[in-house]
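Every number here is computed from the coordinates shown, using simple stated rules; none is lab data. Please read all numbers here as calculations on a predicted model, not as lab measurements. A quick note on method: Cβ atoms are made from the backbone with ideal geometry, for glycine too, and the neighbour counts reach across all protein chains shown.
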Amino acid sequence: MRAYLLVARMWLRASLAYRTSFWLTALGNAVTSALDFAIIAIMFLHTPALGGWTLPQVAFLYGTSGMTLGLADLAVGSLDQLGQRVRDGSVDTVLVRPAAALAQLSADRFALRRVGRVFQSTLVLLWAVSRLHLDWTPGRLLVMVLLLVCGSVIFGSVFVAGGAFQFFAADAAEVQNSVTYGGATMLQYPPTIYARELVRGVVYGVPLAFVNWLPAMYVLGVPDTLGLPGWFRFASPLAALLCATAAGLAWRAALRSYRSTGS
Amino acid sequence: MGIIEVEDVVRTFTVRRRTGRLKRERTEVRAVEGLTFGIEPGEMVGYIGPNGAGKSTTIKMLTGILVPSSGRLRVAGVDPQRDRTRLARRIGVVFGQRTTLWWDLPLRDSYELGRRIYRIEEARYRRNLDRCVELLELGPLLDVPVRQLSLGQRMRGDIAAALLHDPEVLYLDEPTIGLDVVSRNRVRAFLAEINAEQGTTVLLTTHDLTDIERLCSRVMVIDHGRVVYDGGIEGLHATGRSERTLVVDLAEPAGPIQVPGTRVVRIEGPRQWLSFPASQSAAPLVAAVAANHPLVDLSVREPAIEDVIARMYGDRGEVAAESPVVGVGD
């Protein structure tokens, strides 16, 4: 953790070496993510509900999906560029330092501009909550907190596992992006609009459904039309634990098989 | 107990080669094959061999970057694979072809990060940094972003970065590659001083044999993943099929001189060049020549170390140069 912060701080300072570029990307990101939600809002001008979910409810999904992905991306998102470091052999320099390779590589090219997504999603989530008039029982509050924590862990695990695969296959980043960014986009909409097989895939395959769909059903009091076991709504910590363990094992195997480059 | 112990270490790489449209052939390449050696604390050892011989692979296994396929490694009593981060505190590594410095930040910032990551006490850090700055003449460079440094300056910066935490073992992978004569000399002088004063064990790979001649009392030659020579630099001459040359100026031109155990390689008027095995003494030869031909002058030329080593790699050197570069990620 300490090494992570140290390395992240260095990248922050390095990025400020190109000050103008830093502010331009920050501005660009803010505009793109603002437009992003506008699309959903416009959709609701034509229909009162989407797959049985109202606009504030979909906004809740949008906010939680964006926030958890955003937090994971901020923390370990750099791992999706790991393939390049593996190919040019510069992982070597990380491995000779007395700190965990995962911490150093996660902080690699740390970019504060990624806060943008978290910030924008938080705004949408706050708006959603203010419109939903939920009864905040301790149970709801707890599931809400668990949703944000476990959701971030699940997305973070996908980043780590994706990083690990880049030790074996150079283009693994594309697959990983389709799961993280693609998955997050999927989670912005209610599960009811998707094909059954697809939903099954994100429940039993890469368990993204546990990020927000399932806990959101409990928090928002939406009936489950998918026919999944009821306790799944509270199983996010279990899913997060499984993901993190799998990712950790994949990472260790990847480091062991690192080949470096011919001198 | 050696500070570095290598026992029967093997490292193989799987190389995939495209053989058809979709077909791929997998071949196993042995980069290092049954490598065994030991290094005592305070030694300064040159590690040489042709490209692809396994030098870098060895160093990467000794730092914990690469995991050996089999065999046993110990550095400062630590297993590099199991305790990579613990080992990292006790070793310093310089890759000639790769910098550990931060490209966009002043040199000083890279050292500051090192201080925190290695948890170096303030006083020790000051002392080590001051010494490196003085000996490597880094003073004016400390506040310059690394990307603006010349290759020689950056290399000196890298060497300093590897030494701030007082490592017991220093690995240098081609530390003088691409440097001009002045920078080379400065780096060599510094390494000699660190080794003498701190007792730092140094393992150095290089293609520049002058590095070895100036710095190392011991040389290990590796070829095809095996140590083919290990000993003093003088011993190289005896082991390799190297030859010395006796140059004689005769009173008057003559036909090729016939002396057993020698052969004439060149004749220019009264001057003749005779090759003979380096292990043989020159004195009886001179006597044999002088017995039949009046001599005006003579000299004995030692073989260039490059030639000695080139002979040692032998015919297999050419094969090695053509074999695929080992260890490239696909």
(request) Can you work out the PRE-style zone for A:Arg140? Point 7 Å along Cα to Cβ, and I want the residues of the stretch A:195-222 with backbone N under 16 Å. (result) A:215-222
(request) Send over the semi-axes of the stretch B:4-237's equivalent ellipsoid, whole angstrom and largest first, taken as the square roots of 5 times the C-alpha gyration tensor eigenvalues. (result) 30, 21, 19
(message) Tell me the angle of helix B:151-163 to the major Cα principal axis of chain B, expressed in degrees between 0 and 90 and rounded to the nearest ten.
(response) 60
(request) Neighbouring Cβ atoms within 10 Å as the yardstick, rank A:Tyr189, B:Tyr313, B:Tyr171 fewest first. (result) A:Tyr189, B:Tyr313, B:Tyr171
(message) Cα atoms only: what Rg and Dmax, in Å, come out for the protein assembly as shown?
(response) 32.2, 117
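For chain A, what is the relative contact order in percent, using Cα pairs closer than 8 Å and at least 6 residues apart in sequence?
Values: 335 pairs, mean separation 73.7, N = 263.
Over chain A, the number comes to 28 percent.
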(request) Calculate the translational D of chain A in whole µm² s⁻¹ from Stokes-Einstein, where the hydrodynamic radius comes from the Kirkwood formula applied to all Cα pairs, the temperature is 10 °C and the viscosity 1.306 mPa s. (result) 82
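Under 14 Å from the Cβ of B:Gln153, count the other residues' Cβ atoms, weight Lys and Arg +1, Asp and Glu -1, and hand me the total. Please report the intermediate quantities before stating the final value.
Values: positive: B:Arg108, B:Arg147, B:Arg154, B:Arg156, B:Arg184, B:Arg186; negative: B:Glu137, B:Asp143, B:Asp158, B:Asp180.
Every neighbour counted, the sum reads +2.
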(request) Counting residues in the stretch A:177-263 as N, plug N into 2.2 N^0.38 Å and put the Cα Rg over that result. (result) 1.36
(request) Hey, can you grab everything whose amide H is under 5 Å from the amide H of B:Gln97? Only 5+ residues off in sequence or another chain; H modelled, so Pro and N-termini drop out. (result) none
(request) Enumerate the amide H contacts of B:Thr262 below 5 Å, restricted to partners 5 or more residues apart or on another chain; note that Pro and chain-start residues carry no placed amide H. (result) none
(request) Can you tell me the relative contact order of the stretch B:99-176? Whole percent, Cα pairs under 8 Å, sequence separation 6 or more. (result) 44
(request) Calculate for chain A the 222 nm mean residue ellipticity that helices alone would give, adding -39,500 (n - 2.57) per DSSP H run of length 4 or more and normalising by residue count, nearest 500 deg cm²/dmol. (result) -22000 deg cm²/dmol
(message) I'd like the antiparallel share, as a percent to the nearest 5, of DSSP beta bridges with both residues in the protein assembly as shown.
(response) 70
(request) Please give the net charge around B:Ala251, taking every other residue with its beta carbon less than 13 angstrom from that of B:Ala251, where Lys and Arg add +1 and Asp and Glu add -1. (result) -2
(message) What is the angle, in °, between the Cα long axis of helix B:107-117 and the longest principal axis of the Cα atoms in chain B? Nearest 10 is fine, range 0 to 90.
(response) 70
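Any idea what the relative contact order of the stretch B:243-302 is, in percent, if you count C-alpha pairs under 8 Å spaced at least 6 apart?
On the way: 102 pairs, mean separation 29.9, N = 60.
Relative CO of the stretch B:243-302 lands at 50 percent.
What is the Cα radius of gyration of the stretch B:243-302 over 2.2 N^0.38 Å, N being its residue count? Don't jump to the answer; show the numbers that get you there.
Working: Rg = 10.2 Å, N = 60, 2.2 N^0.38 = 10.4 Å.
Relative to the 2.2 N^0.38 Å estimate, the stretch B:243-302 comes out at 0.98.
Against the empirical 2.2 N^0.38 Å scaling, what ratio does the C-alpha Rg of the stretch A:115-263 come to? Intermediate results must be reported in sequence, preceding the final value.
Values: Rg = 17.2 Å, N = 149, 2.2 N^0.38 = 14.7 Å.
After normalising by residue count via 2.2 N^0.38 Å, the value is 1.17.
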(message) What are the ³J(HN,Hα) couplings of the stretch A:42-48, residue after residue, when phi is run through the Karplus curve with 6.51, -1.76, 1.60 and θ = phi - 60°? Round to Hz, x for glycine and proline.
(response) 5, 4, 6, 5, 9, 9, x
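Below 13 angstrom from the Cβ of B:Leu35, what's the summed charge of the other residues (Lys, Arg +1; Asp, Glu -1)? Don't jump to the answer; show the numbers that get you there.
Working: positive: B:Arg11, B:Arg30, B:Lys55, B:Lys60, B:Arg72, B:Arg226; negative: B:Glu5, B:Glu7, B:Asp8, B:Glu33, B:Asp223, B:Asp230.
Spelling it out: positives minus negatives among the neighbours equals 0.
Summing -39500 (n - 2.57) over the DSSP H runs of n ≥ 4 in chain B and dividing by its residue number, what mean residue ellipticity at 222 nm do you reach, to the nearest 500 deg cm²/dmol? Kindly include the intermediate steps, with their values, before the conclusion.
Working: 11 runs with 108 residues, N = 330.
After summing the helix terms and dividing by residue count, I get -9500 deg cm²/dmol.
Quick one: if you take sqrt(5λ) for each eigenvalue of the C-alpha gyration tensor of the stretch B:152-234, what semi-axes come out, biggest first, whole angstrom? Please report the intermediate quantities before stating the final value.
Working: eigenvalues 90, 48, 31 Å².
Square roots of five times the eigenvalues give 21, 15, 12 Å.
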(request) Specify the angular offset, from 0 to 90 degrees and rounded to the nearest 10, of the alpha carbon long axis of helix A:138-165 from the longest principal axis of the alpha carbons in chain A. (result) 40
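Taking only Cα atoms of the stretch B:1-84, what ratio of Rg to Rh do you get with Rh as the Kirkwood inverse-distance radius?
Working: Rg = 15.3 Å, Rh = 14.1 Å.
My calculation of the ratio gives 1.09.
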(message) For a quick check: sort A:His133, B:His224, B:His293 by the number of other beta carbons within 10 angstrom, fewest at the front.
(response) A:His133, B:His293, B:His224
